[in-house]
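Structure record follows, encoded as structure tokens.
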Amino acid sequence: MKNIFDKTVSDEVIGRIHQLTTATGPVWGKMTVSQMLAHCNVTYEMVYENIHKKPNFLMGFLMRSFIKNTVVNEKPYKKNSPTGPGFLIKNEKDFDNEKARLIAYITRTQQKGGADFHNKESLSFGKLTTTEWNNMFYKHLHHHLTQFGV
């Protein structure tokens with residue numbers, strides 16, 4: 001799996017994002033490009049913003065037990081994989097705003113570096129290793145950028 005904490009990789013991902021336009025349509029799925037960008041921002045909002053609730057004990061246990069490994073391993077997501085309710089973007093979003101936010105989050109994460117994420121608490125999955133954080137960030141971005149053909 002590519003390392004999103006490496007500047008070359010984060011620059012490559014940002015380059016792919018710059019290929020998107022408001023007219024870019026999905027290869028599969030129902031999201032618009034603006035919704036996809038907003039959807040990808042949720043992962044970073046959970047790290048940097050205090051706007052998402054931590055799951056209750058039971059939901060946290062279920063997420064750590066049954067979902068965590070799928071999110072943090074190196075196996076690519078399948079097309080049309082289900083998503084968590086907090087990641088569903090139902091209304092249309094501003095393309096330029098969501099694009100700028102995502103690029104800023106990726107840049108901020110790369111600049112902080114992998115060491116800053118080692119054993120950092122994830123809102124949904126508890127403490128993660130640097131590798132697990134990387135896999136979660138990169139795999140999710142790669143999946144959705146591929147979904148939109150870039």
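Just so you know, all these numbers are worked out from the coordinates, no wet-lab data involved. Computed from a predicted model, the values in this text were never measured in an experiment. Glycine gets a Cβ as well: all are built from the backbone with ideal geometry, and neighbour counts include every protein chain shown.
What the table below lists for this structure:
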{"read-out": "Any hit, the stretch 107-119, residues being closer than 16 Å to Ala38 by Cβ and touching a residue at least 24 places away in the same chain (Cβ under 8 Å)", "value": "no"}
{"read-out": "Pair list, Cβ < 8 Å and 6+ apart or interchain, from the stretch 77-94 residues that are under 19 Å from Tyr44 (Cβ atoms) to residues that are of a type in the set (A, V, I, L, M, F, W, C) and outside any helix (DSSP H, G or I)", "value": "Ile89/Met31"}
{"read-out": "Positions within the stretch 92-139 being under 12 Å from the mean Cα position of the chain (by Cα) and not charged (D, E, K, R), in sequence order", "value": "Leu102, Ile103, Tyr105, Ile106, Thr109, Trp133, Asn134, Asn135, Met136, Phe137, Tyr138"}
{"read-out": "Filter result (basic (Lys, Arg), crowded, with 17+ Cβ neighbours inside 10 Å and closer than 13 Å to Ser10 by Cα) within the stretch 95-150", "value": "Lys139"}
